[in-house]
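Okay, so here's the structure we're looking at.
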Amino acid sequence: MDEKLSLTGQFLIAMPGMGDQRFEKSVIFVCAHSEDGAMGFIINQSMVSPNIVEFFAKLEIITDEEQGTIDEKLAGRSLNMGGPVEPGRGFVLHTPDYESDTSLKIGDDICLTATLEILRAIATGRGPERVLLALGYSGWGAGQLENEIISNGWLNCDADHDILFDQNHETKYQRALAILGVDPLLLSSEAGHA
């Protein structure tokens, strides 16, 4: 696939009536896109349970006793539902101020790491400045995402780091559409053809 046509590092914004309730009003950060398929993370759907502190305790990154004394910055973070694929697997999108041999660079300013070491670093205040923690991911097979875009399932635009890492999930959909100058009230579920 031509790199110019790759959606890596961009947002996908769900269109109304896309037909899959799991992605209704979702914004997805695309981490990889090639002729073999694509993968990314929903960035605007928080999980109700577990919360981030419970998740860290379950993985024994923090002890039960530490739960009450955990850093407020960490306690205020949400754990995202990254997508329906491998929902028990954790991932961290983050700024490149933390990097390990297992980090995957997505462009110059975003990394993806899926290790317990980064979670320990975050829990102890040695992690990256900006993070998005997710369970599961969104994935597409060869040609599947392209077909969904052609069928009016998704819009795409350049990613915005403030939207990506912000904890205000309620406004991410509208703010992502605003990058394109689109009013969500004017979106239609019907594709137009000339």
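None of the figures in this text is laboratory data; all of them are computed from the coordinates on show. Here the structure is a predicted model, which is why all the values come from computation and not from measurement. Here the Cβ is made from the backbone with ideal geometry for all residues, glycine too, and neighbour counts use every protein chain on show.
Among VAL27, VAL131, the ranking by other beta carbons within 10 Å of each residue's beta carbon, starting with the fewest, stands as VAL131, VAL27. With helices as the sole contributors, the chain gives -5000 deg cm²/dmol at 222 nm; each DSSP H run of n ≥ 4 counts as -39500 (n - 2.57), and the sum is divided by every residue.
In whole angstrom, note down how far apart the Cα centers of the stretch 89-116 and the stretch 145-164 are. Computed from Cα coordinates, the inter-centre distance equals 21 Å. Annotation: peptides 135-142, 101-108, 36-43, ranked by per-residue average of other Cβ atoms within 10 Å with the highest first, follow the order 36-43, 135-142, 101-108. Gain on full extension, evaluated as 0.36 nm per residue between THR102 and ARG175 minus their Cα-Cα distance, stands at 23.1 nm. For ARG22 and ASP109, the difference between the fully extended length at 0.36 nm per residue and the C-alpha to C-alpha distance is 28.5 nm. Three principal axis extents describe the C-alpha atoms of the chain; from largest down they are 63, 34, 27 Å. Here each label is just a point 7 Å from Cα along the line to Cβ, and for VAL85 and LEU59 those points are 2.0 nm apart. Rounded to the nearest 20, the size of the Cβ-charge dipole of the chain about its Cα centre is 280 debye, with Lys and Arg at +1 and Asp and Glu at -1.
Annotation: the antiparallel percentage among DSSP beta bridges lying fully within the chain is about 90. The gain in end-to-end length when the VAL48 to GLU35 segment is fully stretched comes to 1.2 nm, 0.36 nm per residue minus the alpha carbon separation.
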